Each structure stands twice: as structure tokens, then as C-alpha cells.
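See structure below.
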Amino acid sequence: MVTLGIESTAHTASVGIVDREAKVLSLASDMYRPAKGGIHPREAANHHVEVLPGLVGQALDASGTAPGDLDAIAFAQGPGLGPCLRAGATVARMLSLAWDRPLVPVNHCVAHVEIARVLSGFDDPMLLYASGGNTQVIAYARGRYRVLGETLDIGIGNFLDKLWIELGGTFPGGPALEIEARSGSELLDLPYSVHGMDVAFSGILTAALALHARGARRADLAYSIEVTTYAMLTEITERALAHRRRATVVLGGGVACNERLRNMVRAMVEERGGSMFAPPRSLCVDNGAMIAWTGHLARTAGRSVPVEGSAVEPRQRTDLVPTPWRAN
Ligand code: AMP
Ligand code: MG
């Protein structure tokens, strides 16, 4: 038996099917790309409504499973953009009713932890979650996943995207900036914005654009931005490890695709005698498979909801979500 998961919190509409051993049987995704500027929630939601039914069909076909093989239908309940979440939840409710399968709500951030946890084989890792909208260090403690540190303003991915667009590029900025950074050599002076366990990016954006206006090379800017902001993330992850006495770190989120970030975090963790694991890139970015796997864990622990109780929660807090499967 298998679980189907639907992800639609932001840009990405995705449907994944996983079996009870966390084997990803299929993953079908389609990303909304704004013609210009950042994400427009209503337009992204329209995109998701259009593509999701087709993605469900593709995922079922590619996995070789039929609706009767499904243990449950899981969907991302939050956090995310309201219209986008509602698009995914509506499809999940419809499938649950049509195929008479349990409906399981899943927290998006917890799903990033759980897919990385099962793939890593680590029992109780710390998650550095670096994505478009989110930047958090998360660990399990006393019955819940806790946010130990986070961004005080925008997510690091949104920051990279904004910067890249201001420098004349197009969305998404992170991957392009990574390539540009490879030909940078001079480390420019940028604010290093760590506040206790938290980080902030908007001041760095302003400073970087000021350097750009004064003629700094784009490659040096890209290089300096990566080195500075990834050092900030590595620092708060290290402090969280020391504080919680953990030795293992897993990565999640689109920015965790970045080679420099992976190398910096790995170096820090290994220097402390621990280990780091980064999932394959298709499972770092937003994806339906992580929702399916976490849905499987939740349903196995007895958690499902009736359609009337399946409202989306755009501001759902990670540390308020019950995780009964971790109790045993
Ligand atoms: P997510 O929100 O998890 O789907 O991730 C999307 C974000 O990841 C966007 O802001 C991208 O710019 C960013 N991203 C994707 N690949 C990379 C990369 N190789 N380096 C840095 N950022 C990246
Ligand atoms: Mg995400």
C-alpha cells in the first residue's frame, strides 16, 4: 500500500507517491514561474488548479498504482500562501471523497524534516531549512518540532531571487547566482547579520545593491553574498547543535541545493565529529513525496481529518503541530 501527497504551498504544484518504506515510487511536479517580479499568489493558485489533476494522473501512472492501493491522501495544510494551499487542499478533498481514502493534513516544514530524516537514517537530526519563503533551524524536543532560529525578515531564497532580479537576472535567482559566484574572487564587505539564533537579510540586500550601484563586479557580489549569508546559516546551525547537544544535520529547501552551502555546513558538522546529509535535489525543493511520507507517518499514528476539519492554515506554526509518530 502507498500514500499520495499533494504539495502546493508556494510556487510548486507537486504530487508524490511513496510506499511504506519511504521509497519514492513517483514524483510529478510543475513550477509556476512569474513572467516578471516575484510570486503572485492568485496567479500561482490558478496555475496549481490547472496542473494538479494532470499531475495526479501522471504520478499514479508512473508509480504503477491504482486509487485502490492508496492508504491515504495527504496534503500540505500550511504554512504557505492561502490561495495556493487551498488549490492543493481542494484536490486532496475531492480525491479523498471520490476514492473513499483517509485525508491527512501535513505541515510543510515538518515534511522537509521527515523526508530528510528517513533518507539520512539519522534518528534525531537538526534540520537547516533554507527555502524561498522559509529559513529556519528546526529540532525535535519534548513532543514537537521546535524552531530554534529563523529569519527575522525574508526567506533566504526570496532574498537571493530579489537580488538577482535587481542585478538584471530572472527568477529563480539562487541557481543563477550560484553559477555567477564561481567566477567571483574578491570578498566584498557586506553586513553579517546574525542576531542570537536568528538571521536577517534585508540590510544585506540594501548594502549589496549599493555596492552594485558603485560598480562592484556582479561575480564578486554573487560570491560575497553566498559566502556571507551561508556563513550566517552555518553559524546558527552550529550554535543550535551545541545548545541541543546534537551531532547530525540534514538539509532541506531549495537553497539546500547549493553546493557551497552544503560544503560549508558539512565542514562545520564534521569538524564537530558529526555527520551531515543532504537529500537529492528533487527532494530538497518543495515536493509531493515528502508530504506523502509525512502523511504516511501521521496516518499510521492515527491522524486523519474529515473534509469539514481540513481547512488550510497559511500561518501554521511548526511547533504547534502534533507529531504523534515521534512519540514511540
Ligand atoms: P523552495 O522554496 O524550497 O521551493 O526553493 C526555491 C528557492 O530555492 C528559490 O528561491 C531558488 O532561488 C532557491 N534555489 C534553488 N536552487 C538553488 C541553488 N542552487 N542555490 C541557491 N538557491 C537555490
Ligand atoms: Mg519548502
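The values are calculated or read from the model by the stated rules, or taken from the named source; none is laboratory data. Quick caveat: nothing in here was measured; it's all calculated off a predicted structure. All Cβ positions, glycine included, derive from the backbone under ideal geometry; neighbour counts span all protein chains shown. Only protein heavy atoms, including side chains, enter the accessible area calculation; ligands, DNA and RNA are left aside. Shrake-Rupley method; radii C 1.70, N 1.55, O 1.52, S 1.80 Å.
Remarks
- Per-residue surface analysis assigns PHE277 an accessible area of about 50 Å², computed on protein heavy atoms at 1.4 Å probe radius.
- Calculated mean residue ellipticity, 222 nm, the chain: -14000 deg cm²/dmol, from DSSP H runs (n ≥ 4) at -39500 (n - 2.57) each, averaged per residue and rounded to 500.
- Exposed GluC sites (Glu not before Pro) absent - longest run of the chain, DSSP non-H/G/I/E/B, at most 13 other C-beta within 10 Å: 22-185
- With R₀ set to 22 Å, the beta-carbon distance separating ALA231 from SER282 gives a calculated FRET efficiency near 0.25.
- Accessible area of the chain belonging to carbon and sulfur atoms, whole % at 1.4 Å probe: 51 percent
- The slack between THR206 and SER183, meaning 0.36 nm per residue of separation minus the straight C-alpha distance, is 6.0 nm.
- The residues TYR140, TYR192, TYR129, sorted by heavy-atom accessible surface at 1.4 Å with ligands and nucleic acids left out, run TYR192, TYR140, TYR129 from largest to smallest.
- Considering only trypsin sites (Lys or Arg not before Pro) in DSSP loops that have at most 14 other Cβ atoms within 10 Å, the longest stretch of the chain without any of them is 37-141.
- Taking every Cα-Cα distance in the chain and sorting them into 20 Å bins from zero, the calculated P(r) comes out as 34, 56, 10, 0 percent.
- Seen through its C-alpha gyration tensor, with square-root eigenvalues sorted a ≥ b ≥ c, segment 113-282 comes out prolate because a/c lies at 1.5 or above while a/b is bigger than b/c.
- Vicinal HN-Hα couplings computed from phi for segment 219-226 (Karplus, 6.51 cos²θ - 1.76 cosθ + 1.60; Hz; Gly/Pro x): 5, 5, 4, 4, 4, 5, 4, 4
- Per residue, the chain exposes 41 Å² of solvent-accessible protein surface, assessed with a 1.4 angstrom probe and all protein chains in place.
- Segment 195-206 - phi-based ³J(HN,Hα) in whole Hz, Karplus 6.51/-1.76/1.60, Gly and Pro as x: 10, x, 8, 10, 10, 9, 10, 5, x, 5, 4, 4
- Between helix 41-63 and the chain: long-axis angle, C-alpha atoms, 0 to 90°, nearest 10: 60 degrees
- Stretchable slack from SER275 to LYS23, in nm (0.36 nm times residue separation minus alpha-carbon distance): 88.5 nm
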